[in-house]
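Structure record follows, encoded as structure tokens.
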Amino acid sequence: MRRFLTDRARRAVAASLRGATRAAAPSPAPAPAAALSRPSPSAMAAYMARAMSTSAAGTPPVSLDTINPKVLEFKYAVRGEIVTHAQNLEQELHKNPESLPFDEILYCNIGNPHSLGQQPVTFFREVLSLCDHPALLDKSETHALYSSDAIERAWQILEKIPGRATGAYSHSQGVKGLRDEIAAGIAARDGFHASGDNIFLTDGASPAVHIMMQLLIRSEKDGILCPLPQYPLYSASIALHGGSFVPYFLDEETGWGLEVDELKKQVDEARSKGITVRALVVINPGNPTGQVLAEENQKKIVEFCKNEGLVLLADEVYQENIYVEDKQFHSFKKIARSMGYTDDDLPLVSFQSVSKGYYGECGKRGGYMEVTGFNADVREQIYKVASVNLCSNISGQILTSLIMNPPKVGDESYESFMVERDGIISSLARRAKALEEAFNSLEGITCNKAEGAMYLFPRLHLPQKAIGAAQAAGAAPDAYYALRLLQATGIVVVPGSGFGQAPGTYHFRCTILPQEDKIPAIISRFKEFHEKFMDEFRDVSRDEAPTGTTIESGGD
């Protein structure tokens, strides 16, 4: 009992100390996770006395003092406080449509295409429906309702699934025949061999990221090198698994460039603090920043990982989302193989998901990781971790095989499939351009081009009075701006502070996913709000400033 209370006291006091530190810290950028400090004997004794005295009085057995402090530590801004407030406002609108100055909530906070009106790709859904209800394949009328290649593909897939049972568990890596199909798609994409034995099918890319963090992180002395800004899955998973977040900053001035000199600087600094840097996370195309890496840049990154002995974790879930003619997607595996590196040279994990691309099937929870460059003993441990979840869902597995092997020239569905695919991608490109131009037309906002992915990450150059108002409200300036935007317009964006950003800069992430016919209204609402916001908080000019008053330069 005493040992239990001692451990509980250490966790609770450490959590309390971290909470106080976070509240006092002025920088919006997340700091590397540190080792938990041991509480003082007096603090320990005080907590133990309180725990012993209250346990008999009916204190709940689970409270914020007693849950895992790592859960308290991490945050996930994409579905954070502003989104919760938006959902409350949405309920209010349902009850009283005239109660707010807008008639709907526009969720621009998350890459969830179908929730914003994007339609599923017909071929994919035809095959899925036939696989889930194979009895349809024996009905004559099915041939009038479904394309012949969808019927043929459904038969092929069902033959690969033991017992044709889509409601049964599969192999923990996924159905072998589907993994082989995915490997064939990767080989066709890259021009280099891929093996189904290297594929782990997962419920979206996120579980695959967690598996790799579980594998690589042994303690807070193990660090994972991640970009800032970053998708908060990475900071959250590193915190949950007890590691250290080692940030490297993307260069906003060069279109969110990834400089190898910055990587080297951050690795050396982490190592000087006793942190063993295990891996480098690269998100390409970028989230939340939307950049697409150039091939030469990728080669330098691969060379850096080889020289520094790092695992390369390549988040490539937006590989289909490219909007500029002068850029194209190259997988890091393709780059590494083109440089002559083999499995013996570089441990590399590539992540893909059915949630993004032109398909946007977030609810189907399909994805994979391709694991190369790990020896057999380590691969066995990866398999063991994957086995804990038994297997990923079968519909997601099927859909993942389909996106890596869509209809081809000569198939009945090919032309209609390409019309759907190209229509979605071209519409996303137009939406990205319209929003980018709108943001750049406004005072106090600058926005880099969205070369890929599903987001823009504009920079707010806020007046000092606005920053002061945010501080007085106890909020980060970009969170204050995002909340005011929501309350005035119903538009939901995510503050840049939720992704990490260079100190003294403020941003927000906005998806390009609302349907194209709604983009003009979003721009109009946003513009009206922003102009009023800037007028409300406009700094006093130097000519108007009282004698002896120093005018600050703003939020940069």
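The values are calculated or read from the model by the stated rules, or taken from the named source; none is laboratory data. This one's a predicted model, so the numbers in the text were calculated from it and none came from an experiment. Glycine gets a Cβ as well: all are built from the backbone with ideal geometry, and neighbour counts include every protein chain shown. Just so you know, the surface numbers come from the protein's heavy atoms only, side chains and all, with ligands and any DNA or RNA stripped out. Shrake-Rupley method; radii C 1.70, N 1.55, O 1.52, S 1.80 Å.
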Return the carbon/sulfur percentage of the accessible area of the stretch 153-404, one whole number, probe 1.4 Å, all protein chains in place.
47
May I ask for the distance between the Cα centers of the stretch 78-126 and the stretch 464-531, given as a whole number of Å?
16
Residue-normalised accessible area of the stretch 153-404, expressed per residue, 1.4 Å probe, Å²
36
Between residue 471 and residue 426, 0.36 nm times their residue separation minus their Cα-Cα distance comes to what?
12.1 nm
Restricting to Cα pairs below 8 Å that are 6+ residues apart, what does the relative contact order work out to for the stretch 153-404? Please round to a whole percent.
26
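Among the DSSP beta bridges whose two residues both lie in the stretch 153-404, what percent are antiparallel, rounded to the nearest 5?
Roughly 35 percent of the DSSP beta bridges within the stretch 153-404 come out antiparallel.
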Residue 231: accessible area at probe 1.4 Å, nearest 10 Å²?
50
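Provide the FRET efficiency to the nearest 0.05 for the residue 85-residue 139 pair, computing r from the beta carbons and using R0 = 60 Å.
On the way: r = 49 Å, r/R0 = 0.82.
The pair residue 85/residue 139 has a calculated efficiency of 0.75.
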Around residue 335 (Cβ within 13 Å, Cβ-to-Cβ, excluding residue 335; K/R +1, D/E -1) the net charge comes to +1
Charges only on Cβ, +1 for Lys and Arg, -1 for Asp and Glu: so what's the dipole of the stretch 153-404 about the Cα centre, in debye to the nearest 20?
860
Would you please give the FRET efficiency between residue 377 and residue 294, computed as 1/(1 + (r/R0)^6) with r the Cβ-Cβ distance and R0 = 41 Å, to the nearest 0.05?
0.65
Just to be sure I understand the model, the point goes 7 Å from the Cα along the line to the Cβ. What's the resulting residue 219 to residue 307 distance in nm?
3.0
Dimensions in Å of the stretch 153-404 - Rg and Dmax from alpha carbons
17.7, 58
Using Cα positions and a limit of under 27 Å, work out the lysines in reach of residue 433, with same-chain residues fewer than 8 apart set aside.
327, 356, 449, 518, 527, 532
Tell me which aspartates and glutamates have Cα within less than 14 Å of residue 273's Cα, excluding those fewer than 8 residues away on the same chain?
220, 222
SASA check, residue 296, accessible area w/ 1.4 Å probe, all protein chains in place, rounded to nearest 10 Å², comes out at 110
Of 171, 193, 215, which is farthest along the charge dipole of the stretch 143-254 in the positive direction, counting Lys and Arg as +1 and Asp and Glu as -1 at C-beta?
171
For the pair residue 342 and residue 102, the simple spin-label estimate (label points 7 Å beyond Cα toward Cβ) gives in nm 5.7
With every protein chain left in place and a probe of 1.4 Å, what is the accessible surface of residue 532, to the nearest 10 Å²?
120
Along the Cα-to-C-beta direction of residue 189, a point sits 7 Å from the Cα; which residues of the stretch 371-389 have their amide N less than 13 Å from that point?
371
Residues of the stretch 295-315 with amide N under 18 Å of the 7 Å Cα→Cβ point at residue 254
295-305
GluC sites (Glu not before Pro) restricted to DSSP loop in the stretch 447-548 with at most 16 other C-beta within 10 Å:
544
